[in-house]
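As structure tokens, the structure follows; a few thoughts come after it.
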Amino acid sequence: MDTLIKDQQSTASDPLLDWNLAGATAAETWELVAGELVAAAASGRHPLHLPTLTTVGADGAPQARTVVLRLFDPAHREAWFHTDVRSGKVTDMLREPRVALHWYDPTARVQIRIAARAHVHHCDARARTAWGNSAAMSRACYAACDAPGTPLEQFPTAQPHPADGDDAGFEVFTAVCCHFDTVDLLTLHAAGHQRVLLDLTGRKPTWQILAP
């Protein structure tokens, strides 16, 4: 997985150094995408750390918001984020689990789009594992008494960081797994933009080249 992740020691002959897909295979391209998203989940400074999640609202209208990529699992084709079970996006996903994830890196000029099916984990073993892996400052957000979107008379103060073993907020904590089969990748180049649809359902990744 690490061989195709961009780093300072890569050589200029690497066709994927600047996301140039012309000299790459579908498998190499997926390895690069997956490696970048694994790195994005691990670092708040990574340009792909904060994807946009779009759900379908009760009225059929799209609802988009930024989430934090908490885990990216290439082997199982899963992208994970955390949220409050009282939030509108959970209501949306329980009613219509089809969601869209969007990333854009303005420096690399790369767009990644994933259509996925969301699985909501609340007060189960997978939620408990995600909760245990969360930093104290992240867990503090779930200790707020007011549900997301509740009208308030003034801006709330930050919740204090919980001590180790403090489960305050776990009852509203939710881990969401977005399972996907394809990845729509667009890379922008002065010599010609490149877009492919990666299909990950076979033994090896395949792709279809698309008009940008």
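How many residues are at pLDDT 95 or above, part of a loop (DSSP other than H, G, I, E, B), closer than 30 Å to C123 by Cβ and β-branched (V, I, T) if we restrict to the range 154-212?
Qualifying residue count, the range 154-212: 0.
Exactly one condition in (1) touching a residue at least 40 places away in the same chain (Cβ under 8 Å); (2) closer than 25 Å to T201 by Cα; (3) part of a strand (DSSP E or B) is not met by H82; state its number.
The single condition H82 does not satisfy is (2).
What number of residues within the range 130-175 are surrounded by 12 or more Cβ atoms within 10 Å (Cβ to Cβ) and among the β-branched types (V, I, T)?
So the answer is 2.
Which condition from (1) modelled with pLDDT under 95; (2) in a strand (DSSP E or B); (3) among the small types (G, A, S) is the one that S138 breaks?
(2)
Looking at V99, V33, which is the one that is in a strand (DSSP E or B) and at pLDDT 95 or above?
None of the others qualify; the one that does is V99.
For the range 16-26, give me each residue that is surrounded by 14 or more Cβ atoms within 10 Å (Cβ to Cβ) and part of a helix (DSSP H, G or I).
Passing the criteria: L21, A26.
Here is a list of conditions, (1) among the aliphatic types (A, V, I, L, M); (2) in contact (Cβ under 8 Å) with a residue 40 or more places away in the chain; (3) over 23 Å from A116 (Cβ atoms), and V176 meets all of them except one; can you say which number that is?
It is condition (3) that V176 fails.
Starting from residues that are surrounded by 14 or more Cβ atoms within 10 Å (Cβ to Cβ) and out of contact with any helix residue (DSSP H, G or I) (no Cβ under 7 Å at 6 or more places or on another chain), keep the ones in the range 1-15 and report whichever is modelled with the highest pLDDT.
D14
The values are calculated or read from the model by the stated rules, or taken from the named source; none is laboratory data. Just so you know, these numbers come straight off a predicted model, no measurement behind them. Don't worry about glycine lacking a Cβ; one is built from the backbone with ideal geometry, like all the others, and counts go over all protein chains shown.
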